[in-house]
Amino acid sequence: MKFMSRSSGYRGRGPRRSTPEGAHRPIMVEEILRVFHLKPGDKVADLTLGHGGHTEHFLRTVGTEGTVLAMDLDFDQAQITLSRLQEAGFAGRLLLETGNFAGIGQAMGKFGLPAMDAILADLGISSMQIDKPERGFSYRREGPLDMRMDPRRGETARGLLTTISAEDLASGLEEFGDVPLAGPMARAMLSAHRVTPFETTTQLAEFCLTWHRGTGSAQNPGEWRLRQGKKKWETHPAARVFQALRIMVNREIANLKHLLRVASDLLAPGGTLAILSFHSGEDRLVKSALEQGLRQGKYAEINEGPIRATFEERTANPRSRSAKLRWARRPLTPPEETEAGDT
Ligand SMILES: C[S@@+](CC[C@H](N)C(=O)[O-])C[C@H]1O[C@@H](n2cnc3c(N)ncnc32)[C@H](O)[C@@H]1O
């Protein structure tokens with residue numbers, strides 16, 4: 001199927017890219033390695049393999065006596081990354097499980113790993129996934145309105161718009177995209193979809209742009225005005241909508257909640273969990289789960305505030321600007337069972 005542009009007028013006007021096509025720059029590598037303080041022989045789980053940037057550093061640090069287990073929902077991309085890592089000299093060294101990181105416990109069981117010294121989740125999607133229009137993640141590149149991280153199963157974004165209620169869509173847009181005027185926008189989007197279903201990413205992007213141009217002048221002056229700055233366009237109104245829909249399509253919040261529930265039990269004594277999140281809803285969840293784990297004695301230590309990328313990294317890699325890193329360390333000895341800590 002060929003996707004014809006309805007000329008949203010936006011193609012090719014995004015920010016200048018800083019990551020080569022087909023690659024993904026790993027974020028806050030030094031900070032993560034510092035938090036994990038890995039040594040040769042350690043066991044690490046990278047729950048979000050992507051391009052394998054973090055994995056590659058883990059493989060190097062734990063050496064041939066160590067173990068790196070990687071997971072990713074995206075089967076095709078995981079195979080590409082596996083070949084890349086093999087060519088980079090890590091042949092036969094990576095344990096790969098393509099699937100949802102909510103199943104990390106089962107994956108560890110499958111590979112005979114009772115506990116990990118470090119677990120990383122770098123949430124969201126990779127640059128490679130955004131770069132492929134056929135995956136439907138990009139509001140700037142025309143493709144089917146899909147957005148599934150695992151294209152072999154589950155409901156597409158188009159399917160979601162067909163079945164979801166206006167109330168649920170509004171709360172998703174607000175919670176996962178911080179979309180202003182989420183209620184009216186959700187109702188308008190579903191009405192438009194009922195008349196002529198959105199088939200492509202650029203059709204939905206065009207709707208978002210048109211809708212915000214209308215409401216921007218009528219109800220919310222300035223909020224969504226598009227300014228063409230000296231160097232780049234400000235955030236396209238579709239960006240937040242696409243983020244929210246992607247999170248809903250892939251049940252990202254349910255997966256993250258599950259991971260946060262089980263992670264401390266999968267760590268070896270003194271082992272560390274680190275999570276990189278990219279929007280406030282995710283970060284709130286991570287923060288409160290780690291704080292609760294600390295109160296309950298599941299963790300001995302957590303970081304006080306989120307760790308942010310350095311100025312240099314934020315300048316070199318715009319994606320790192322919204323990243324927040326949080327970590328939690330398991331006690332060296334198991335916590336005593338107390339009712340009081342069980343809040
Ligand atoms: C931000 S990228 C990771 C980039 C990686 N750290 C690197 O250095 O290349 C996120 C990856 O996690 C995967 N992913 C997201 N949610 C997942 C889940 N619940 N289970 C497994 N993989 C997931 C996505 O398919 C994507 O490849």
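The values are calculated or read from the model by the stated rules, or taken from the named source; none is laboratory data. Just so we're clear, the structure is a prediction, and the values are computed from it rather than from any experiment. Cβ placement follows ideal geometry from the backbone for every residue including glycine, while neighbour counts extend to all protein chains displayed.
What number of residues in region 155-177 are within 21 Å of T202 (Cβ to Cβ), assigned to a helix (DSSP H, G or I) and either hydrophobic (A, V, I, L, M, F, W, C) or touching a Pro at 6+ places or on another chain (Cβ under 8 Å) (or both)? Residues flagged as within 21 Å of T202 (Cβ to Cβ), assigned to a helix (DSSP H, G or I) and either hydrophobic (A, V, I, L, M, F, W, C) or touching a Pro at 6+ places or on another chain (Cβ under 8 Å) (or both) within region 155-177 amount to 7.
Checked across region 95-105, the condition of being among the hydroxyl-bearing types (S, T, Y), crowded, with 22+ Cβ neighbours inside 10 Å and under 18 Å from the mean Cα position of the chain (by Cα) holds for no residue. In the set R17, R25, only one residue is of a type in the set (K, R), assigned to a loop (DSSP other than H, G, I, E, B), modelled with pLDDT under 95 and within 14 Å of the ligand (Cβ to nearest atom); that residue is R25. There is no residue in region 118-134 that is over 20 Å from the mean Cα position of the chain (by Cα) and farther than 27 Å from L273 by Cα. Scanning region 134-147 for any residue that is within 16 Å of the ligand (Cβ to nearest atom), modelled with pLDDT of 95 or more, assigned to a helix (DSSP H, G or I) and under 30 Å from A268 (Cα atoms) turns up nothing. Of all residues in region 257-314, which are touching a residue at least 40 places away in the same chain (Cβ under 8 Å), hydrophobic (A, V, I, L, M, F, W, C) and outside any loop (DSSP other than H, G, I, E, B)? Listed by number, the residues that qualify are L259, V262, A263, L266, L267, A268, L273, A274, I275, L276, V286, I307. I need a count of the residues in region 29-44 that are within 11 Å of the ligand (Cβ to nearest atom) and either over 22 Å from the mean Cα position of the chain (by Cα) or buried (at least 23 other Cβ atoms within 10 Å of the Cβ) (or both). Total meeting the criteria: 1.
Give all pairs with beta carbons closer than 7 Å in which a residue from region 94-115 that is under 10 Å from L69 (Cα atoms) and at pLDDT 95 or above meets a residue that is away from the ligand (no atom under 15 Å from the Cβ) and part of a loop (DSSP other than H, G, I, E, B); count only pairs at least 6 apart in sequence or on separate chains. So the pair list comes out as L95/F111.
Conditions tested, residue by residue: (1) in contact with a Lys or Arg (Cβ under 9 Å, 6 or more places away or on another chain); (2) in the same structural domain as D46 (by TED's automatic domain parsing); (3) more than 13 Å from the ligand (Cβ to nearest atom); (4) outside any loop (DSSP other than H, G, I, E, B).
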residue: G89; (1), (2), (3), (4): no, yes, yes, yes
residue: G92; (1), (2), (3), (4): no, yes, yes, no
residue: A107; (1), (2), (3), (4): no, yes, no, yes
residue: I119; (1), (2), (3), (4): no, yes, no, yes
